[in-house]
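K.L.:
One structure follows; several queries about it will come next.
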Amino acid sequence: MFKLISNCSFAVALSAALLLAPAFAFTQPAATVAPNAGITSASGAKLINGYEPKWWKEAVVYQIYPRSFQDSNGDGIGDLKGITSRLDYLHKLGVNVIWLSPHFDSPNADNGYDIRDYRKVMAEFGTMDDFDAMLAGIKQRHMRLIIDLVVNHSSDEHKWFVESRKSKDNPYRNFYIWRPGKVGPDGTMQPPNNYPSAFSGSAWQYDPTTKEYYLHYFAVKQPDLNWDNPKVREEVFSLMRFWLDKGVDGFRMDVIPFISKQPGLPDLTPEQLRNAAAVYASGPHLTEYLQQMNSEVLSKYDDMSVGEAAGITLAQEPNLVDDRRHELNEIFNFDAIRVNRDGRKFVSWTLPQLKAVYTRHAEVLTKHDWDTVFLSNHDNPRVVSTFGDDSEKFRVPSAKLLETMLLTLRGTPYIYQGDELGMTNYPFKTIDDFNDIEAHNGYKEEVLARHAVTPEAYVENLRHMGRDNSRTPMQWDSSANAGFTIGPNAWLAVNPNYKTINAAQAVSDPDSIYNYTARLIAFRAKTPAFVYGDYKDLDPEHPHIFAYTRTLDGESYLVVHNFSSGEITYTLPGGISAAKLQMDNYAGDEAQTPTLHLKGWECRIYKQAR
Ligand code: TEU
Ligand code: CA
């Protein structure tokens with residue numbers, strides 16, 4: 001496997017009342033914010049603390065992995081009708097944008113990230129009518145939908161590739177990246193260069209029909225599209241318009257920095273081999289292709305775009321998101337997720353390392369840039385098991401703390417399905433418990449072929465890092481298969497802890513992570529400081545306390561987290577008074593004092609006196 005270094009997350013009545021408020025409070029005509037008078041953006045909008053207000057900056061995004069969300073017909077596979085049946089659950093949580101992982105026709109070599117037909121719904125997920133009904137249900141609830149644009153590669157079963165591989169002079173030959181092999185010193189045919197695939201082995205696959213190799217940065221069944229061919233770009237822009245014209249509100253773009261390939265495709269140096277993603281993400285035409293996509297498609301709609309930015313460093317981030325460049329709105333930068341891993345290997349991490357990520361982001365990104373905040377997704381383990389404490393005693397408070405952090409840091413927050421329930425990693429025992437192609441290919445290479453690790457050590461690492469941790473079915477209730485399916489078998493095993501950790505329990509319990517998160521989202525929706533406010537870490541070196549302020553127009557909120565299971569007495573650094581408690585993940589009985597007595601994994605939000 002190559003190291004994708006940059007990848008490669010009150011009272012119930014009150015919260016219900018707040019949820020009736022418009023979905024995007026600050027950019028609605030009646031702004032609740034006092035913007036910096038007289039300062040306007042290029043588009044004429046009044047700036048807020050130097051930022052141009054946008055609905056996608058104020059959004060709280062919820063990621064749905066459709067295969068695992070809700071099955072409606074008993075085949076054990078989540079589907080679009082299932083999603084539609086759960087929209088009220090999401091609306092009550094208060095999220096206002098849904099990011100749907102791929103729902104397109106696919107042979108599922110990589111669970112839909114290998115697309116066979118970009119204009120067709122995956123048969124297992126339903127029909128285009130089901131999609132339209134889902135979209136209508138989302139709009140009815142004043143939410144928005146972004147879909148997954150996977151166009152660095154397609155499926156090898158896409159008609160373009162079926163044609164492309166037929167002959168060297170096929171009109172679609174140049175839709176993909178074909179090269180003759182090299183003759184090795186021993187006379188055998190070798191791949192054109194030493195590029196590694198993210199899913200183990202070479203990034204080249206020999207195809208006997210034309211006796212050439214095609215490039216695939218991911219699985220063999222995911223051939224990379226040739227973006228240097230203008231016809232490929234036209235096809236992509238056309239399929240984007242197809243979905244935008246249907247009413248979707250934008251795209252999450254899969255490994256988008258990889259679309260421009262290196263001229264001549266030279267071998268990677270040993271140094272580059274340690275971080276192939278950085279080379280794959282630095283092709284010379286990336287800017288040109290994204291600007292073309294923006295001018296021909298994105299700029300014509302009121303949409304949002306978020307790029308998955310494998311291989312992009314923080315310093316490079318403005319090249320993709322600075323609003324004067326007209327490319328993307330925001331990207332997923334994996335700096336935070338990466339603190340506990342070396343490639344795909346789980347390593348220990350410290351709180352100062354994590355805090356430093358957020359400080360660096362605040363320093364490097366300007367008011368023309370926008371950031372994302374996430375700690376989990378369908379490629380990463382469960383947030384509470386990774387950054388919190390999933391023991392019985394601390395699972396609930398630490399999951400609430402992590403949601404608090406996500407929703408009060410700088411940038412658009414992304415909640416991955418099930419994290420609002422505190423769903424945990426799965427107790428995998430052997431490689432046979434996994435579905436994920438990455439897990440299986442890695443096992444074949446590292447355990448079976450290279451004997452680099454024992455089967456036990458390999459599975460132990462996957463228990464922490466494996467992508468299937470977050471892909472186990474949503475836990476809806478305590479009935480068989482957690483209410484995910486009425487059929488006998490879910491496509492991937494349900495976590496055995498579903499009897500206690502499930503949505504039915506969470507929705508009915510006012511103190512659940514779900515209801516706490518709903519209150520937090522409602523609080524954020526009326527508190528522009530959490531969106532547009534400045535960020536300051538008050539105590540970067542403290543090993544267990546994460547304390548920061550968000551300040552807008554003289555209004556300041558203080559957020560304090562105890563990232564440990566121990567009780568901590570903490571005195572706020574010089575001059576900071578704790579002021580008025582707004583939210584607490586434990587029953588808030590604390591006196592208002594600069595010295596705080598924090599329980600294990602306690603977090604609080606205070607409003608500071610002016
Ligand atoms: O992921 C690309 C990526 O950079 C990863 O996080 C990757 O899945 C992992 O590191 C493999 O080592 C995107 C999608 O999110 C992922 O689900 C797909 O498998 C991949 O692209 C290919 O489409
Ligand atoms: Ca189904």
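The values are calculated or read from the model by the stated rules, or taken from the named source; none is laboratory data. Since the model is a prediction, treat every value here as computed from it, not as a measurement. No Cβ is skipped: glycine too gets one built from the backbone with ideal geometry, and neighbour counts run over all protein chains shown. Surface areas here come from the heavy atoms of the whole protein model, side chains and all, with no ligands, DNA or RNA. Shrake-Rupley method; radii C 1.70, N 1.55, O 1.52, S 1.80 Å.
K.L.:
Condition first: within 30 Å of LYS607 (Cβ to Cβ) and open to solvent by less than 50 Å² (accessible area, probe 1.4 Å). Can you find one or more residues in segment 422-438 that meet it?
P.N.:
Narrowing segment 422-438 to residues within 30 Å of LYS607 (Cβ to Cβ): 422.
Next cut, open to solvent by less than 50 Å² (accessible area, probe 1.4 Å) only: 422.
Scanning segment 422-438 turns up at least one residue that is within 30 Å of LYS607 (Cβ to Cβ) and open to solvent by less than 50 Å² (accessible area, probe 1.4 Å).
K.L.:
Looking at segment 468-479, can you tell me whether even one residue there is assigned to a helix (DSSP H, G or I), among the polar types (S, T, N, Q) and surrounded by 23 or more Cβ atoms within 10 Å (Cβ to Cβ)? Lay out the reasoning, then the answer.
P.N.:
Within segment 468-479, the first condition is being assigned to a helix (DSSP H, G or I), and the residues that meet it are 468-470.
Now narrow it down to the ones that are among the polar types (S, T, N, Q): 469-470.
Then drop every residue that is not surrounded by 23 or more Cβ atoms within 10 Å (Cβ to Cβ), which leaves 469-470.
Yes.
Residue-wise test of (1) surrounded by fewer than 16 Cβ atoms within 10 Å (Cβ to Cβ); (2) touching a helix residue (DSSP H, G or I) at 6+ places or on another chain (Cβ under 9 Å); (3) at pLDDT below 95; (4) among the aliphatic types (A, V, I, L, M).
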{"position": "GLY264", "(1), (2), (3), (4)": "yes, no, no, no"}
{"position": "ALA277", "(1), (2), (3), (4)": "no, yes, no, yes"}
{"position": "LEU290", "(1), (2), (3), (4)": "no, yes, no, yes"}
{"position": "ALA310", "(1), (2), (3), (4)": "no, yes, yes, yes"}
{"position": "LEU314", "(1), (2), (3), (4)": "no, yes, no, yes"}
{"position": "GLU317", "(1), (2), (3), (4)": "no, yes, no, no"}
{"position": "ASP322", "(1), (2), (3), (4)": "no, no, no, no"}
{"position": "ASN333", "(1), (2), (3), (4)": "no, yes, no, no"}
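K.L.:
From the list ASP224, ASP169, pick out the single residue that is within 13 Å of ligand 1 (Cβ to nearest atom) and outside the structural domain of GLY307 (by TED's automatic domain parsing). Break it down into steps so the answer makes sense when it comes.
P.N.:
Values: ASP169 fails: within 13 Å of ligand 1 (Cβ to nearest atom).
Unique residue meeting the criteria: ASP224.
K.L.:
Can you pull out the residues in segment 444-464 that are crowded, with 21+ Cβ neighbours inside 10 Å and either more than 15 Å from ILE431 (Cβ to Cβ) or within 15 Å of ligand 1 (Cβ to nearest atom) (or both)?
P.N.:
LEU462
K.L.:
Filtering segment 183-203 down to residues that are modelled with pLDDT of 95 or more and not in a loop (DSSP other than H, G, I, E, B), which residue is surrounded by the fewest Cβ atoms within 10 Å (Cβ to Cβ)?
P.N.:
GLN190
K.L.:
Which pairs turn up if I take residues in segment 54-73 that are more than 11 Å from VAL97 (Cα to Cα) and look for partners that are of a type in the set (Val, Ile, Thr) and within 16 Å of ligand 1 (Cβ to nearest atom) with beta carbon separation below 9 Å, at least 6 apart in sequence or on another chain?
P.N.:
Within 9 Å, the pairs are SER68/THR472.
K.L.:
Just for segment 205-217: of the residues that are open to solvent by less than 20 Å² (accessible area, probe 1.4 Å) and either out of contact with any Ser or Thr (no Cβ under 9 Å at 6 or more places or on another chain) or part of a loop (DSSP other than H, G, I, E, B) (or both), which one is farthest from ligand 1 (Cβ to nearest atom)? It would help to see each step written out before you state the result.
P.N.:
Start the filter on segment 205-217 by keeping residues that are open to solvent by less than 20 Å² (accessible area, probe 1.4 Å), which leaves 207, 210, 213-217.
The next check asks that each one be either out of contact with any Ser or Thr (no Cβ under 9 Å at 6 or more places or on another chain) or part of a loop (DSSP other than H, G, I, E, B) (or both); those that pass are 207, 210, 215-217.
On the way: ASP207: 20, THR210: 25, LEU215: 14, HIS216: 10, TYR217: 8 Å.
Ranking the candidates gives THR210 first.
K.L.:
Another question about this same structure. Which one is most open to solvent (accessible area, probe 1.4 Å) among residues in segment 104-133 that are charged (D, E, K, R) and in contact with a Pro (Cβ under 8 Å, 6 or more places away or on another chain)? Show your work before the answer.
P.N.:
Step one: list which residues in segment 104-133 are charged (D, E, K, R), which gives 105, 110, 114, 116-117, 119-120, 124, 129-130, 132.
Next, only the ones that are in contact with a Pro (Cβ under 8 Å, 6 or more places away or on another chain) stay: 114, 116.
On the way: ASP114: 0, ARG116: 73 Å².
The selected residue is ARG116.
K.L.:
Regarding segment 358-365, can at least one residue be identified that is surrounded by fewer than 21 Cβ atoms within 10 Å (Cβ to Cβ) and touching a Gly at 6+ places or on another chain (Cβ under 9 Å)?
P.N.:
Quick first cut of segment 358-365, residues surrounded by fewer than 21 Cβ atoms within 10 Å (Cβ to Cβ) only: 359-360, 362-365.
So of that shortlist, the ones also touching a Gly at 6+ places or on another chain (Cβ under 9 Å) come out as 365.
Yes: one or more hits.
K.L.:
Here's a follow-up. In segment 53-104, how many are away from ligand 1 (no atom under 16 Å from the Cβ) and of a type in the set (S, T, N, Q)?
P.N.:
6
K.L.:
In segment 151-166, which residues are open to solvent by 10 Å² or more (accessible area, probe 1.4 Å) and away from ligand 1 (no atom under 14 Å from the Cβ)?
P.N.:
If the condition is that a residue be open to solvent by 10 Å² or more (accessible area, probe 1.4 Å) and away from ligand 1 (no atom under 14 Å from the Cβ), then GLU157, LYS159, TRP160, VAL162, GLU163, ARG165, LYS166 are the ones that fit.
K.L.:
Same structure again: From ALA315, ALA362, ALA310, ALA356, grab the single residue that is outside any loop (DSSP other than H, G, I, E, B) and within 20 Å of VAL383 (Cβ to Cβ).
P.N.:
Details: ALA315 fails: within 20 Å of VAL383 (Cβ to Cβ); ALA362 fails: within 20 Å of VAL383 (Cβ to Cβ); ALA310 fails: outside any loop (DSSP other than H, G, I, E, B).
The conditions single out ALA356.
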